[in-house]
Structures are given as C-alpha cells and as structure tokens.
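Remarks on the structure that follows.
The values are calculated or read from the model by the stated rules, or taken from the named source; none is laboratory data. The shown structure was predicted, so the numbers you read here are calculated from the model rather than taken from an experiment. Using ideal geometry, Cβ is built from the backbone for each residue, glycine included, and neighbour counts are taken over all protein chains shown. We work out accessible area using only protein heavy atoms, side chains counted, and drop any ligands, DNA or RNA first. Shrake-Rupley method; radii C 1.70, N 1.55, O 1.52, S 1.80 Å.
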Amino acid sequence: MTPEIELKYLIPANHVDKDLAVEKITVMLKANDISFTLNNKQLNNDYFDNKDLALRKMDMGLRTREVDQKFEQTIKTAGKVVGCLHQRPEYNVQLEDNTLDLSLFPEHIWPEDVDVKTLQKSLQVIFTTNFYRQTWLITQKNSVIELALDRGEIFTSSNVETIAINELEIELVSGDEQALFTLAKQLMTVLQMKPGKLSKAAQGYSLYYQRDDL
C-alpha cells in the first residue's frame, strides 16, 4: 500500500498551449535552482464499478491503466480531501494485460460482507480517462515530488459530453508534506491555478450519472 498525498490544481483550458506551460514551469524550476528530471507519457485508464455502484458506495475507486503497452490495476480506498490536498491509501498491482483481477489486492481492504469473486463478476467499465502527462521529478531540500501536468478527456458513452482534463498534480514521493505547498506557491508565479477538489474519478462518476441508459 502506498499513501497518495497530493495537491490538485485546475488550469484554464485555454491556457496558451501545453508546450508553453511546460516551458514556463521548467524555466521557473531552473531559476530557483530546483533539481528535476523530465518525462512524458500517454495514460489510458478504464474505471470499473457495477450497476449498483457498489465500489462508489464503499468510497473506493478502481481502474486499470495502460502506459507504454504495460498494464496495472489500482484501487484507492477511503481517504480525505481538505481544500486541494488529497490523501488516500492506494494499492497498485502489475498485470499481464488489461484484464482486471481483484484477487491480486490484499484481502483486508474489503469490508467483511463483500464477496470479492461475486463483485468482480458484476463489474464493468463505466468511464474512461485518457490524457497526456508531462512530469517533473523534483528534488527540493529533503523532499522528492512528482509534478504532473495532465491534459486530455473523461468520457463514458456517446450520448454524454466529455469532460476536459486540464490540471496539475503535485504528489509527495518522499519527505515533508509542506514541500508540496512551497512548490505550489512557486508555480503560482508563472501559471493561473485554482484548487481542484474533485478527482478524475469523481468527475467520471458525474458523467456516468448523466447517461440515458441508467
């Protein structure tokens, strides 16, 4: 289990273009003598639940993810959101392909009355998030932070409009949680940012509720 601790911010959809945003962030980090490495990748994610939204009712988020033809499944259990700070326990398991297997997660994460095999049989993809992620792996004093700029969309079915993804995530890899807020203040000097209280999963569920076939 890895505790996910991150700040989430929204940036305007018309915020110039992603390349200029990347340049502004990179220049700011260099100007402040902050050590970092750059990376980018396309992330394709399927989120699962059943028709009764059993996982949602348990405050769990379940997805499979494909990155560079590699697959993993992730479940996030009940956490808390204070302002733009998101904290949730997260469990990640590598997969051979995009086939979901709940038995690979630790048994203790499930409520006692849940039959995991029966639950898995009832699951289906209810929405998808596809986005391009530019990351900066940052070392600042005694902390390591992953800064991610995500741009893409969330969609569920053809009769529902998509939701655009335009956000920054500042995630603590190791070190002091306060380092997240320090970096956020530095980013605000070069970007328009506002707190993001809803996760991609929460936004995806909001789309699911709009479907005509429910």
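For the reader, a short list of remarks on this structure follows.
- Count of region 98-139 residues which are part of a strand (DSSP E or B) and open to solvent by less than 30 Å² (accessible area, probe 1.4 Å): 10
- Qualifying residue in region 156-165 (condition: farther than 22 Å from Leu55 by Cα, assigned to a strand (DSSP E or B) and of a type in the set (A, V, I, L, M, F, W, C)): yes
- Which numbered condition Glu177 fails, given (1) within 17 Å of the chain's Cα centre (by Cα); (2) exposed (fewer than 15 other Cβ atoms within 10 Å of the Cβ): (1)
- Residue match in region 69-88 (condition: farther than 23 Å from Ile165 by Cα, out of contact with any His (no Cβ under 6 Å at 6 or more places or on another chain) and among the charged types (D, E, K, R)): no
- Number of residues in region 178-204 that are more than 22 Å from Asp59 (Cβ to Cβ), touching a residue at least 24 places away in the same chain (Cβ under 8 Å) and in a loop (DSSP other than H, G, I, E, B): the value is 5.
- Scanning region 146-167 for residues that are closer than 15 Å to Leu187 by Cα, under 15 Å from the mean Cα position of the chain (by Cα), among the β-branched types (Val, Ile, Thr) and open to solvent by less than 10 Å² (accessible area, probe 1.4 Å) turns up nothing.
- Residues (surrounded by fewer than 16 Cβ atoms within 10 Å (Cβ to Cβ) and either at positive phi or in a strand (DSSP E or B) (or both)) located in region 48-71: Leu53, Asp59, Val67, Asp68, Gln69, Lys70
- Qualifying residue in region 22-29 (condition: in a strand (DSSP E or B) and open to solvent by 10 Å² or more (accessible area, probe 1.4 Å)): no
For (1) basic (Lys, Arg); (2) modelled with pLDDT of 90 or more; (3) touching a Cys at 6+ places or on another chain (Cβ under 9 Å), each residue gets a yes or a no:
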| site | (1), (2), (3) |
| --- | --- |
| Tyr9 | no, yes, yes |
| Pro12 | no, no, no |
| His15 | no, no, no |
| Ala21 | no, no, no |
| Phe36 | no, yes, no |
| Asp46 | no, yes, no |
| Leu53 | no, yes, no |
| Met58 | no, yes, no |
